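Here's the structure we're looking at; comments come further down.
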Amino acid sequence: MSQTQAHHHAPPKGFLRTHVFSLDHKVIGKQYLDLALVAVCTGMVLSWLMRLHLAWPETPIPGLEKLSPNGAAGGVITPEYYLSLMTMHGTIMVFFVLTTAPFAGFGNYFLPIQVGAEDMAFPRINMTSFWVTLVAFLVLVAAFFVGDGPPLSGWTAYAPLSAVGKDAGPGQGVGQTLWAVSITLFCVAQLLGALNFITTTLDLRTKGMSLARMPYSTWAWFITSVIGLIAFAVLMPACILLILDRVAGTSFFIPAGLVISDRLQPHAGGSPLLWQHLFWFFGHPEVYIAILPGFGIISHILPVFARKPLLGPRVMIACLVAIAFLSYTVWGHHMFLSGMNPFSATLFSVPTLVITIPATIVTLLWIGTIYGAKLRFTTPALFCLGFVSVFVSGGISGFFLAQPSIDTYLHCTYFVVGHFHFVMGVAAMFGIFAATYFWAPKMFGRMMSETLGKWHFWLTFIGVYCVFMPMHYLGLAGNVRRYSAFTDDYLKPMIPLHRFITIAALFTGAAQLIFLFNLIRSRFRGPKAPDNPWEATSLEWSTTSPPPFDNFGGRPPIVERGPNEYGGARGADYLMQAAAAAPASAR
């Protein structure tokens, strides 16, 4: 498919075709981001409910009994409902925020523009992928409103707890089935999206846009698509098998002789460990599906505000490819406590340590880029620096968990909660924030407030360290995760620290209201944005803000150089990828 054939649909006519059932990748990208915004607010409220209960377990939460008369009678959360809140929080955040926003949201909007295409390769499939994702989210949230409530098996849905049905406890009936259907639909949507991203990147690049000249964000979205194509293709059949175990009487994950709630389960021959292998073969690559777009976004934004080229661009791309490959060799480190052969645990421990090498090299390239640079401390730049900080802080604790002997002690504690929230959750969110402040002028034609943005950064940066750093201490002290209350003698001294974390979590969540106000206000009333407010080089800054329907007004760009031309190259401060001459004089 040539680039001239890329835009095989006419400009939209009517409100529905323009804003709702749009084929335009830019509208679809914004729809994904809006969905992620709704999802992250939902997930954040669920985390607040959990934190309030952990800090003050006997205190009623007003209004909660209306959402769940059984799970929160009188507003006090039961242990089972606490697990339901945890399950829904984790599922919403991992799938509908950390996967949806940096990959499907920003990727949909900017990947075609950055390669010089007029649209995605398959616009109708692109539209379908969003609407299937939306249906998946609605099916998941519907679990709150069915009779037995949402599932309590965790976002990992370990069998046989998730496979045997309502005998396993509240939420394990219809709620767990809705969870499995939701994730199956989500996998379908992600597979459609991944095929679209890969085809667009390989087939629709404009003249002169070689693979070596692609921006780092485009490389990250492309590599993430390849990871997702394999990972979601494993999780989807696993969820289908789980549904069959639940509703069709099969026994893929349920062994013989299992008694739950004093009832012998009518199954035989299944393996609970099979679910763990299938889930984590998806689950660890999913960590990189969430974080690699952030790697690309940071690598794309940092040179803009450092005003110098990214250090080692080819090394950066090689490291992203290496991380993608190695992500499929380490899934067993999630299963050190599953009873696996210690020799197998050692084999999984080695690639777990090896995968830290390309991640460390990437971090050193970022630090080398800003070393000696005349850094412009804008809000996107601050969130890039914050990304590096929280990623390193979370990554260091990963070394401990890679050792089977140490992980045996720490695996079921808050140490793991602190680790993966830093390295996967907070780091990915900082990437999302950096991208939002950086690209909002291009997407909406309006500048966001720098003052509000910097307040948002500092309050969030301080807040997340106050929330998740103490969790490492809790884990070392033996504080078991997933407990809804701490009644054992050795856990009672931990309660004051839990109250500190809860207050910090409420504070950090309140700081996000600054971001929401800034985003909504600037979208309609912010100062009008110039076409290239940051003096950046990639193709999205060569077109208008916001871009026209076909991205470049009928004049496809011709790329003459890479995206890394900053800092005095040929007598100019920066050189646009598609510019014939230097757009700015040396500073």
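Some points to look at:
- Relative intensity, log₁₀ I(q)/I(0), of region 420-483 from a Debye sum that treats every alpha carbon as a point, q = 0.18 Å⁻¹: -0.75
- Tensor-based shape of region 314-456 (alpha-carbon gyration tensor, a/c under 1.5 rounded, otherwise prolate or oblate): prolate
- All aspartates and glutamates inside 15 Å of Lys166 as judged from Cα atoms, apart from same-chain residues fewer than 8 positions distant: Glu80, Asp148, Asp245, Asp262
- Put simply, the Cα atoms of region 307-349 extend 52, 16, 12 Å along their principal axes, the longest span coming first.
- Cleavage-rule hits (trypsin sites (Lys or Arg not before Pro)) in region 176-241: DSSP loop, at most 16 neighbouring Cβ within 10 angstrom: Lys207
- Ordering Asn196, Ile361, Thr18 by the projection of their Cα atoms onto the charge dipole of the chain, which places +1 on the Cβ of Lys and Arg and -1 on the Cβ of Asp and Glu, puts Thr18 at the extreme positive end.
- Amide H contacts under 5 Å for Ala572: none, restricted to partners 5 or more places along the chain or on a different chain, H placed in the peptide plane at 1.01 Å from N.
- Distance between the pseudo-spin-label points of Glu80 and Arg521 (7 Å out from Cα toward the beta carbon): 4.6 nm.
- The residue list Ala318, Thr346, Ala72 was ranked by how far each Cα lies along the charge dipole of the chain toward its positive end, using unit charges on Cβ atoms, and Ala318 comes out on top.
- Built amide H within the under 5 Å cut-off of Val480, gap 5+: none
- On Cα atoms only, tilt of 450-476 relative to the major axis of the chain in degrees: 30 degrees
- Crossing angle, helix 313-326 versus the chain [Cα axis fit, 0-90 degrees, rounded to tens]: 20 degrees
- Straight-line cross-link reach from Lys207 at under 12 Å between alpha-carbon atoms covers these aspartates and glutamates, not counting any fewer than eight positions away in the same chain: Glu560.
- Cut-off 11 Å (backbone N to label point 7 Å along Cα→Cβ of Tyr158), residues of region 265-292: 273, 276
- Entries in Lys13/Lys528; Lys26/Lys374; Lys26/Lys66 that, when Cα-Cα distance is taken, lie over 29 Å: Lys26/Lys374; Lys26/Lys66
- Gain upon complete extension [Thr59, Lys454; 0.36 nm per residue less C-alpha separation]: 138.7 nm
- Nearest-ten-degree value, helix 79-93 long axis tilted from longest Cα axis of the chain: 20 degrees
- Here the extension length gained between Leu337 and Val20 equals 109.4 nm, from 0.36 nm per residue of separation less the Cα-Cα distance.
- DSSP-loop GluC sites (Glu not before Pro) across region 54-85, with at most 10 other Cβ within 10 angstrom: Glu58
- Size of charge dipole - region 87-234 - debye, nearest 20, with Cβ of Lys, Arg +1 and Asp, Glu -1, no other charges: 300 debye
- Long-range HN-HN contacts of Arg446 with modeled amide H, under 5 Å: Ala529
- Rounded accessible area per residue of the chain, 1.4 Å, Å²: 37 Å²
- Rounded percent of accessible protein surface that carbon and sulfur make up, the chain, 1.4 Å probe: 70 percent
- Between the labelled values [x] 77, 51, 48; [y] 71, 65, 57; [z] 78, 54, 51, the entry that holds Cα extents along the principal axes in Å as derived from this structure is [x].
- Vicinal HN-Hα couplings computed from phi for region 33-38 (Karplus, 6.51 cos²θ - 1.76 cosθ + 1.60; Hz; Gly/Pro x): 5, 5, 4, 4, 5, 4
- Within straight-line reach of Lys30, meaning a Cα separation under 20 Å, sit the following aspartates and glutamates at least 8 residues removed in sequence or on another chain: Glu118, Asp119, Asp531, Glu540, Asp550.
- The relative contact order of region 384-529, computed from alpha carbon pairs under 8 Å that lie at least 6 residues apart in sequence, is 33 percent.
The values are calculated or read from the model by the stated rules, or taken from the named source; none is laboratory data. This structure is a prediction, so every number in the text was calculated from the model and none was measured. Here the Cβ is made from the backbone with ideal geometry for all residues, glycine too, and neighbour counts use every protein chain on show. To get the accessible areas, we keep the full protein, side chains included, count just its heavy atoms, and leave off ligands, DNA and RNA. Shrake-Rupley method; radii C 1.70, N 1.55, O 1.52, S 1.80 Å.
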